[in-house]
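*Asks:* Please find one structure pasted underneath; my questions will follow.
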Amino acid sequence: MLRLVLPKGSLERQTLDLFDAADLSVARSSEVDYRGSIDDPRIKEVRILRPQEIPQYVAEGIFDLGVTGRDWIEETGADVTSLGELAFSKRSSQPVKVVLAVDASSPYQRVEDLPKGVRVSTEYPQLTKTYLLAHGIDADVRLSYGATEAKVPEIADAVVEITETGRALNAAGLRVIATLLESFAELIANPKAASDPTKAHAMGQILTLLQGALEARSNVLVKLNVAAKDLEGVIALLPSMKAPTVSELFGESGFAIETVVPKSAINTLIPALKDRGASDILELPLLKIVR
């Protein structure tokens, strides 16, 4: 039913891992194959192409559905329907930032400080021109095919580049003076396909699986037992999506509790639960959370 295109390159591994976690595993003859398949009746074919190209191909109707970064949606200006954000980027669950950077010794402190005709090297020429013009800067924007950060100061006065932590830019002797946008991956659709009820329903189901798998990554299931006298103290410690499930144990010997909690809090939560009288504490991974 749906023709799907996924990103090759920096987003490839994260995307394929997410589809696998969502029980939408992509089968390929090899890691360099640009064609794949998913054993799911909703997905007719799978292609793996550069994320820079995906918004335009989806807009043109070559594909019904695709995954790419918000940065490339903005850069291409493609007419696509965003179905939802997928909270991952190149290597983490944090967004990448498209930033404007200058040499660390440069006198420019803000985008407004840049002079007329400033040379800017970037892989995002349209996004860069639009941003600079909005700030009143008439710049000489030059397309970069890579190694952008190495072009300052001899070839360019500034660069617009992506970064997750800023460490690579710092190592190249650059200083960030502005952030153009923050970019996660997104599930996008061809507007015509998204207006078809049957395809739209299938797209929504796929998004549910992907976002459910993403949310499960940051949470765990906790199960524990507690005596009646300690129940209120233990409940007070427990975060949960709604309310913890509490069941009376056989023989009225206490209660069994289970709840979903953020993975980031588990290292302090488990000892605190034990201190309050909880026992038989289990931490279990989750595959999906669908609200």
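*Asks:* How far is it, in nm, from the label point at GLU232 to the one at VAL290 when both lie 7 Å from their Cα along the line to the Cβ?
*Replies:* 3.9
*Asks:* I need SER218, SER106 ordered by Cβ neighbour count within 10 Å, fewest first.
*Replies:* Least crowded to most crowded, the residues run SER218, SER106.
*Asks:* Based on DSSP, what percent of beta bridges with both residues in the chain are antiparallel, to the nearest 5?
*Replies:* Here the share of antiparallel DSSP bridges comes out near 75 percent.
*Asks:* A follow-up question, please. How would segment 91-205 be classified by its alpha-carbon gyration tensor: rounded, prolate or oblate, with rounded meaning a/c under 1.5 and the a/b versus b/c comparison settling the rest?
*Replies:* prolate
*Asks:* Shifting gears a bit: Which entry in [x] 44, 28, 15; [y] 60, 20, 14; [z] 28, 24, 17 matches semi-axes √(5λ) of the Cα gyration tensor in Å derived from the coordinates of this structure?
*Replies:* Read-out taken from this structure: [x].
*Asks:* On a straight-distance basis, which lysines could pair with LYS192 in a cross-link, Cα separation under 23 angstrom, same-chain partners fewer than 8 positions away excluded?
*Replies:* Those lysines meeting the cut-off are LYS44.
*Asks:* Around LEU114, with a cut-off of 12 angstrom between Cβ atoms, what is the net charge of the other residues, counting Lys and Arg +1 and Asp and Glu -1?
*Replies:* -2
*Asks:* Using helices alone, I'd like the mean residue ellipticity at 222 nm for the chain: each DSSP H run of four-plus residues gives -39500 (n - 2.57), total over residue count, nearest 500.
*Replies:* Rounded to the nearest 500, the figure is -7500 deg cm²/dmol.
*Asks:* Who wins for biggest fluctuation among LEU181, LEU269, LEU210 in a Gaussian network model of the chain, springs between alpha carbons below 10 Å?
*Replies:* Sorting by GNM fluctuation, first place goes to LEU269.
*Asks:* If the elastic network links every pair of Cα atoms under 10 Å, which of THR128, THR245, THR179 fluctuates the most in the Gaussian network model of the chain?
*Replies:* Of THR128, THR245, THR179, the Gaussian network model singles out THR245 as fluctuating most.
*Asks:* Same structure, new question: In the Gaussian network model of the chain, springs joining C-alpha atoms below 10 Å, which of VAL152, VAL80, VAL46 carries the largest mean-square fluctuation?
*Replies:* VAL152
*Asks:* Once you mark the GluC sites (Glu not before Pro) that are in a DSSP loop and have at most 10 other Cβ atoms within 10 Å, what is the longest gap between them in the chain?
*Replies:* The reported range is 155-291.
Only the coordinates and a few stated rules stand behind these numbers; no lab work does. All of these numbers come straight from a predicted model, not from anything done at the bench. Please note: Cβ atoms are built from the backbone with ideal geometry, for glycine as well, and neighbour counts cover all protein chains shown.
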